[in-house]
Structure formats: C-alpha cells, structure tokens
Amino acid sequence: MMYSAQIAEKSSSSRKKVFIGEEKMLCKSCGKILKETDKFCSKCGATVEVGESESPVYNEVSETPVQDELKESSAYNEVNETPVQDEVNTAPAYAQVNEIPVQNEVNQSSAESGFFNASMTEQSAGTSMMMNQQPGQVNNYGYQNGNHIPPEPQKKKKSPVGKIVAAVAGVAVVGVACTCVVNASAINNFVKKSFSSPTSYFQYVEEKQMKEAAATISNAYGNYLDQYEDIGNKSANGEITIELGAQARAMLEVATSTDMSFLEKASITYESGFKDSVMGMNLGMLISDKPVISIDTLFDMNSGMAYFLIPELSTQYLSTTMDDVTSEANIDMGVYSDIVEAMPDEDTIEDICLEYYTTAISCIDDVEKSNGTLEAGDISQSCTVLTATIDSESAQKIAETVLTKAKSDKNIENVIKDWVNVEKVIDEDAEDADTVYEEFIQTVDEGLASVGDITLDENITMTIWVNNKGDIVGRSVCAGGDEVKYSMPSKGKKVGFEASITAESENYVIAGSGKVSGNKLSGEYKIAANGTEYVNLEVKDYDVKKMEDGYLNGTFIVSMTPEASTALTQTSLVSNYDLQFDCKSSKDSSEIKISVLSLDQLMGALTITSNLKDKVDVTLPSAEVVVSAEDETALMNWISSVDWAGFTASLREAGLPSELVDSIE
C-alpha cells in the first residue's frame, strides 16, 4: 500500500512534531473503520473489497525523529516504521498529511502508540495461530482455514421500560374509555342540565323517561301476543293443587269427626288443545299424588258430536250431540283468534305511548329548577327538582295539540277499525268500521271546538326529581289538595320506595326500602292508611329485569300488624298468620303458589300452574270404541260393563276413608 505524506518542519530541533493525515477505509455494510490488512470487517463480518469508501481520519503520532529521507515508492508503518508487504501496494493511495500541531504531552501520544502496537501484535499472533491451527478449526482470532469468520452479532438488549410505559398507557386509555362509556348518561345529563333552560331540560328528561317506559310496555305487550299467536294450534296444560297442613287437617277432623289425613294433598290436572276443528280436554284428579279418576272430552266442531271417556271405569267412549255447546265453542274460538289478530302490534303501542305523551309535555313551558333531596324509607338522594305548572292556558294548548294529532293519526284509525271488525264478527248488526271511525272524527272535532272552554279551578303542579344520570326517580302530581306521588331514591345497591295517594283528606301509603343484588330486589315495606300501619309486606328475590318483559317472579309475604288485627277483628291472633305468594313466570309457563302460614308452619296452600305447548295431540276415537248415550240399550250395556271394583280399589289406595268408599260402592 502506498502512503502519501507531507512532513512539516516546525523547528530546527532534532525532534519534530509530526501529524500524519490518512484516508482510512470504511466498511460498506456498517461503516466501521478498517485496517489496511483486513479482509473481513471485524464488526459485521462483511468481505473487504478493493476500492472501499474512504474518509480522511487524522491520527496523532508520537513525537519521534523525522526520517531524513522518504522514498516515494516505500510504505512505512506509522508505529513500527517497517516497510509494508509488497502485496498491499495495490491498495488505494491516501491523502496527503495536513500539518497539525502535535500536543506536547508525550504520554498521550505514547498511549495511542501503545494501542497500535497492541493491534499489530494481535494481528501477528493471529497469523501465527493460522499457521498452526487444524483444518476446519476456528482459532481465537476468528480464522478458519485462512479465512476470517465474522463473529455472531450481539443482540442489543431492549430495556423493558418502554413496554411497561406502553402497557400503563394502554390501561389508562382503556380505563378512561370505560369510564366515559359507563358515565355517558351522567355526562350527557350534566351538559343538558347546565346549558339548557329549565323548560328544555324538563322536556328532555320526560321524553327520555317515556322512551324507556314505552319500550318496556310494548315489550311486555309483544310477549303476551306471542304467547297466544296461533292459539288454535297450541295446547295448554296445568295443575291446581290444594295442600293442607297438619294443623288445618286436625281442625277439620274436629269439625267433621272424619279422618282427613287423605287431604294432605289433592290435585286436579288439565290439558287442552285444538287441531283440525277438534277440541280436546282432559281432566284428572289425584290424591296424595295417586290418580283417582280422569275424564277425556272431545268436541268435533264439524259434526257437532261430543265424546267422553272415563278410563278408570271403561275403555269405551260415550257420545252425544251438543249442537248448542259446540256452536258457541266454535264462535268463541274464532272470535278469540280474530281478537288476537286484530290487536295492534308492539311497535304501534310504543309509538302511540311515546308520541302522545311527548306531545303533551311539549306544551308545558312554565318550569322552575332547583336542588333538593328525595327521601323514601331510610334512603335519601340529592336530586335536581323540576316543578312544572299547568294553568288553564296550558291545559287548552295540550288538549288542542293532542286532539289535532289524533284526528290525522293513522295508528289510531287502524286500531279503531280493527276492533270494530272483530265486533262485527260477533254481532252482524254492528256498525261497520268506516262508520265508527267517522263518529270518532266528529267527536274529536267537537272537542277541538270546545277547547277554549277548558278552565282549571286550580293549577296543576307536576314535580319530578332527577338524579345525576337524567333518570326520574320521583314524581308528584298535585291538584288542589289532592296528590299522587312516588319516590324511588337509591344509594349504591339500596333502594327506597314510597307511593302515596292523598284525596279528600284520606291518605294511603306504601313505604320501605330494599337492596338490589344482580337483578333481584329484596326489602321490607309497610302499608298504612291515615297514619296507621295495617300491613307488612316482605319482598324476596323480586326479578326487576324479568318484570320489564312482563313476567312476575319473586316471593311476597303479607302479614297484618297487631294494631290492625285488633282494630279489624277485635283480636291480635290474626297477626300470627302470613299470606305468602310465590310467583314464577316465563314466556310459556307460569306458577303461583298462595300459602297460609301460622308462625312459619304451613296451614294450607293453593298452587296453580299452566304451560303452553306448540304440539297438539287431539284425535277422534274410532267407531268401534264409541257408545251412543242416546241409545238407551247401548247406554245400559255400557253401565253394566263399568269396572266399579277397580275404581273403588283406586280410591282406597289413594287413602280415602273407608266409610266414604263404601258409600260409593
């Protein structure tokens, strides 16, 4: 390799400060400065080729005597001053040395000189090791079979701080988003309350409340329609059960001098269905869950025949004609189907409820806003109080707006005409739908003509209590001295409740508090009249969510207070009795159990269950098993074939008293 150097003499001293400016080779892959002897980059392992990019780098050289003479064709090592191998002469020439003052401190240049000496020593040692290493072996200096093997690049360890910060930031964003979603109603309500007039805010919360109420009403109504849709092709079954506790049976035994142990439980079961103009019904009686007697009844609407079978007595049906009964039944079934079909759908009900209520509310413009506290039971809640006043002028405006809307409302027109058409099926002489609707329009016009005559003796005051989410949790409507009010403040999971009616100096109140767990409410309430508490009401597991769908589920225990018992019956013994209602209901089934308890002991209970099914199994009997009740001879033969012994045996097995069974025999 050729060096181009320029030596500048700074003084006449025998020692000169010399800087040699060199153009060093750089690796094309990673930019590391290369030595002139390198064939591979020691950093990334890339092969060094002739003509690598060069950049001038100036290295300070220790202060040494300057050579008297430099041959242009000779190459010298900066540190060891030895000629470089001829094979490197093909390397590119380097830039001339720039004259730069050398620092006076010898120790610093000596240290750098020592670094270069160490590098050369390492290279020499590497060359020596290559001479002695085994084929295929990689020596300590990274050579294998004379070729340099680049070291594996070390992966830079990433600090976990960035990931932690990102994770914390993500959690924070999600938390803020969730908070905004959960509190969206509260935020929206705050904006409406703060930046709207009292009248606008009043109309906003009333419309919001009515939307929820209308949706709940229409949903429950729709579920009811679904139950009875296509009722002609469905079947119903259920059971009515009476239970008597030991104390009640003992009281009956004393009163009748008869063993009443068999009355511990008695049931009547039923199942009915309608298919292909045939209506079937089965009634059965069980005592202590043991079948006693049953009867199957079939009505053929086409032939007007009725069939009866008592399996415990005979395997043959008795048949008779019942023209009057079947005719009425046929009409009733047809009318019932028409009524269900004529009823408006749930969307229509929701629209009517919402539109007419919001129309009336929009006519109220005298509203005052304040802050107040709503109380019920032992629960209180801070609320925004909105008080709207309806005077004669507002009442006239409400009446005119509602009547005008009703006059052109297609929903109202369709409902009226559909109902009239059902009435027409029952009574052919009834007026037709168009005539009835015209009469309705005439009535509306008369009302509009007399709107100006509406005069209120006293203004109507409507007060609502609104929580921070914009929900109405209390309402009061006052006219003169009369008032209807309900309050439902809440605090966490605790909910207070109070509903009262005051009219003509009479006051009736139900009040108390409870706790909501999931969708179920449990609490204790009292019913009072004119300041005297008469009834205690305990509520257990009342399902609020299912009630929105129209299904009552929960337990309700009613008991009389001692004061009320004494006032009504002249004795306080009645207060020892509780009346308990256990209710379960869903789309296709319901059950209600009414129990009488005395000091937590069962006195008696009545249970009624019902179920709806889509599948109906109703089939007329074949002629071979039918006996005409109108044929006297055939009827007598049927009576003589009755298995009375088997019937009485089933009565004894059910536990009926012997004297009762003997009387039947």
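A Cβ distance below 6 Å, combined with a sequence gap of six or more or placement on separate chains, defines the contacts here; from region 513-526, residues that are in contact (Cβ under 8 Å) with a residue 40 or more places away in the chain and over 8 Å from Val539 (Cβ atoms) reach residues that are open to solvent by less than 90 Å² (accessible area, probe 1.4 Å) and of a type outside the set (A, V, I, L, M, F, W, C) in the pairs Ser513/Gly377; Ser513/Gly496; Ser513/Gly523.
What do you reckon, is Val642 touching a strand residue (DSSP E or B) at 6+ places or on another chain (Cβ under 9 Å) and either aliphatic (A, V, I, L, M) or open to solvent by less than 70 Å² (accessible area, probe 1.4 Å) (or both)? It is false that Val642 is touching a strand residue (DSSP E or B) at 6+ places or on another chain (Cβ under 9 Å) and either aliphatic (A, V, I, L, M) or open to solvent by less than 70 Å² (accessible area, probe 1.4 Å) (or both). Restricting attention to region 387-433 and to residues that are crowded, with 16+ Cβ neighbours inside 10 Å, over 14 Å from Thr348 (Cβ atoms) and of a type in the set (Val, Ile, Thr), the residue that is modelled with the lowest pLDDT turns out to be Val422. Here the condition is being at pLDDT 95 or above, within 40 Å of the chain's Cα centre (by Cα) and not basic (Lys, Arg); of Ile464, Ile441, it holds for Ile464 alone.
Criterion applied to Leu521, Leu606, Leu537 was being within 26 Å of Lys265 (Cβ to Cβ) and out of contact with any Cys (no Cβ under 8 Å at 6 or more places or on another chain), and the one residue passing it is Leu606.
Taking each residue of region 361-390 that is under 17 Å from Ile460 (Cα atoms) and looking for partners that are of a type in the set (D, E, K, R) with beta-carbon atoms closer than 6 Å, six or more apart or interchain, yields Ile361/Glu206; Cys363/Lys397; Leu386/Lys369; Thr387/Glu368; Thr389/Asp366. For the condition out of contact with any Leu (no Cβ under 7 Å at 6 or more places or on another chain) and assigned to a strand (DSSP E or B), Val516 qualifies. Here region 527-571 is the region considered, the condition is being free of Cβ contacts under 8 Å to residues at least 12 places away in the same chain and buried (at least 17 other Cβ atoms within 10 Å of the Cβ), and the residue that is farthest from Cys583 (Cα to Cα) is Ser565.
Only one of the numbered conditions (1) outside any strand (DSSP E or B); (2) β-branched (Val, Ile, Thr); (3) open to solvent by 70 Å² or more (accessible area, probe 1.4 Å) is violated by Ile364, and that is (3). Among the residues of region 546-575, those identified as farther than 22 Å from Asn611 by Cβ and at pLDDT 80 or above are Glu548, Phe556, Ile557, Val558, Ser559, Met560, Thr561, Pro562. Yes or no: Leu602 open to solvent by 60 Å² or more (accessible area, probe 1.4 Å), at pLDDT 85 or above, of a type outside the set (D, E, K, R) and closer than 30 Å to Leu579 by Cα? Criteria met by Leu602.
Please go through region 586-637 and pick out each residue that is without any contact (Cβ under 8 Å) to a residue 60 or more places away in the chain, in a strand (DSSP E or B) and over 30 Å from Asp549 (Cα atoms). Answer for region 586-637, where residues must be without any contact (Cβ under 8 Å) to a residue 60 or more places away in the chain, in a strand (DSSP E or B) and over 30 Å from Asp549 (Cα atoms): just Leu597. Is it the case, given these coordinates, that Ile594 is open to solvent by 60 Å² or more (accessible area, probe 1.4 Å), among the aliphatic types (A, V, I, L, M) and within 15 Å of Asn553 (Cα to Cα)? So Ile594 fails the test.
Answer yes or no: is there a residue in region 488-499 that is more than 30 Å from Thr555 (Cβ to Cβ), under 40 Å from the mean Cα position of the chain (by Cα) and of a type in the set (A, V, I, L, M). For region 488-499, residues more than 30 Å from Thr555 (Cβ to Cβ), under 40 Å from the mean Cα position of the chain (by Cα) and of a type in the set (A, V, I, L, M): absent. Considering region 195-254, and only residues there that are among the aromatic types (Phe, Trp, Tyr) and touching a residue at least 40 places away in the same chain (Cβ under 8 Å), the residue that is surrounded by the most Cβ atoms within 10 Å (Cβ to Cβ) turns out to be Phe202. Whether any residue in region 265-281 is charged (D, E, K, R), modelled with pLDDT under 85, open to solvent by 40 Å² or more (accessible area, probe 1.4 Å) and more than 24 Å from Leu620 (Cα to Cα) is what I want to check. No, region 265-281 has no match at all. Scoring Ala430 on the criteria (1) among the small types (Gly, Ala, Ser); (2) over 38 Å from the mean Cα position of the chain (by Cα); (3) in a helix (DSSP H, G or I) leaves a single failure, condition (3).
The values are calculated or read from the model by the stated rules, or taken from the named source; none is laboratory data. Please read these numbers as outputs of a predicted model, since none were measured by experiment. Glycine gets a Cβ as well: all are built from the backbone with ideal geometry, and neighbour counts include every protein chain shown. Note: accessible area is taken over every heavy atom of the protein model, side chains too, but ligands, DNA and RNA are not part of it. Shrake-Rupley method; radii C 1.70, N 1.55, O 1.52, S 1.80 Å.
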